[in-house]
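The values are calculated or read from the model by the stated rules, or taken from the named source; none is laboratory data. It should be emphasised that the depicted structure is a prediction, and the values quoted were computed from it without experimental measurement. Neighbour counts are summed over all protein chains in view; Cβ atoms, including those assigned to glycine, are modelled from backbone coordinates with ideal geometry. Just so you know, the surface numbers come from the protein's heavy atoms only, side chains and all, with ligands and any DNA or RNA stripped out. Shrake-Rupley method; radii C 1.70, N 1.55, O 1.52, S 1.80 Å.
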Amino acid sequence: MKLKGDQTTARAMNRRLILNLLRREGPRSRADIAAVIGLSPAAVTFVVTDLLEEGIVLEGKTVPGLTGRRPIPVDINYEHALAVGFKLMVDSVECVATDLATNPVAAMRVSLAGHDPDKVADLLAATVPELVKLAGRPDARLAGIGISMPGVINHEQTACVRSYRFGWNNVPLAALVAARVHVPVWLEDDTNAYAIAQQLFGLGRQHRNMAVLAVGVGISCALVIDGKLYRGANGAAGKFGHTLFEEGGRLCECGKRGCLMAYHSELSMLRRWREATGRGEELGLPQLCEALLSGDATALALVADSGRGIGTALANLVNITDPEVIVAGGEAVSLGDPFLTPLREALAARTFRTAPPLLPDWEDNSWARGAAALVTQKIFDFESSGGVTDIATLGNVRGSTSAA
Ligand SMILES: [Zn+2]
């Protein structure tokens, strides 16, 4: 996606301020925008005219007032284009097509037979036209594709530097997909992408500092600090699941022993439950939820233990980063109060200040929406760039990312 003008110019800054105001607050007149942001009405009109021409904003209807004509409100045109989001999991891909507010208009799940990068790219590319067709909007422009996966992703949001679950090192997945579909493609760690969606349109919309805890196959905690996702020096921030829980303890997927996720991820809880009951793979998450509902003492004790384990570790993170809220997502959220109550209690017992509220996210498609949010955030947050956006120079992008 080409953006007008130099992104460092005042005009680009004003664009971002105006779009973010409209995203947070809804439709506003030009005069209101100028008053809230503190820009001159002329500067606002200048930028809004550009945005109208590009189709990114549209003019609403005037509200008839008692004293004659009211100013015309402008709003973001969320129907302007479609975004496609893919959440890569170990054996399947959750796929959505959304509007630019990440509202799904089509969703499907495809299974993943293996992790060969070219075959994964083939599969994703083949799914795009199916999703667009399913969305029933043949004339809509495809603004881009966002892909999320568990792993460390480079700052350019193009390549997977390392993923234990996929066995990948320096895989330029965004370029592989862009070469097949010819639209901009962004790649991001799944919890980071989920956090971006929560920040833009979810539970974190009004918060500039938040933690986004994910407890599923792994455990991670993305951090939004002063309104911006914190990626760290190497894109490896938020790997909360690999903090130490027990010295020399259970083996983790990262090769080290005693990591938090080796005990308390959803997968590890199931493993420990099978060990405790002497049963096998027939015990999955639905069975664990049923056992909790029926008051099974072993299941209740195990899940409470994991809630406490995560809550205590989370308190350390809260004491360092001081978030306003913690959004919690991932499969383990479906364990409900038997998991969340001990987690909240352990958190409250160890935080320096009053513990921030922990808000569970129950939405089914939040994660695939997170992937789609990688596309839409480029419209709302021009500070973050990256992704494979210039299809004409794709050869160069492939070369540079594979060397990363
Ligand atoms: Zn680990």
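Brief remarks on what is shown
- When each of E253, E282 is tested for being more than 16 Å from the ligand (Cβ to nearest atom), out of contact with any Ser or Thr (no Cβ under 8 Å at 6 or more places or on another chain) and open to solvent by 70 Å² or more (accessible area, probe 1.4 Å), the lone residue that passes is E282.
- Contact annotation: residue pairs with Cβ atoms under 7 Å, 6 or more positions apart or on different chains, pairing a residue in segment 10-38 that is closer than 16 Å to H80 by Cβ with a partner that is crowded, with 17+ Cβ neighbours inside 10 Å and charged (D, E, K, R), are L22/R28.
- Qualifying positions in segment 234-249 - over 17 Å from C160 (Cβ atoms) and either open to solvent by 80 Å² or more (accessible area, probe 1.4 Å) or more than 10 Å from the ligand (Cβ to nearest atom) (or both): F240, L244, F245, E246, E247, G248, G249
- Taken as a whole, the condition of being within 11 Å of the ligand (Cβ to nearest atom) and either of a type in the set (A, V, I, L, M, F, W, C) or open to solvent by 10 Å² or more (accessible area, probe 1.4 Å) (or both) does not apply to H207.
Rundown of residues vs (1) open to solvent by less than 30 Å² (accessible area, probe 1.4 Å); (2) under 21 Å from L292 (Cα atoms); (3) not assigned by TED's automatic domain parsing to the domain that holds I56, yes/no style:
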{"position": "F339", "(1), (2), (3)": "yes, yes, yes"}
{"position": "L343", "(1), (2), (3)": "yes, yes, yes"}
{"position": "A348", "(1), (2), (3)": "no, no, yes"}
{"position": "P356", "(1), (2), (3)": "yes, no, yes"}
{"position": "A373", "(1), (2), (3)": "yes, no, yes"}
{"position": "Q377", "(1), (2), (3)": "yes, no, yes"}
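- The residues of segment 256-279 that are charged (D, E, K, R) and more than 15 Å from the ligand (Cβ to nearest atom), listed by number, are E266, R272, R274, E275, R279.
- Criterion: at pLDDT 95 or above, under 22 Å from the mean Cα position of the chain (by Cα) and among the acidic types (D, E) - qualifying residue of E324, E345: E324
- Positions within segment 121-165 being assigned to a helix (DSSP H, G or I), farther than 15 Å from H182 by Cβ and open to solvent by 30 Å² or more (accessible area, probe 1.4 Å), in sequence order: L123, E130, K133, L134
- Of all the residues in segment 212-233, those that are within 16 Å of the ligand (Cβ to nearest atom) and not in a strand (DSSP E or B) number 3.
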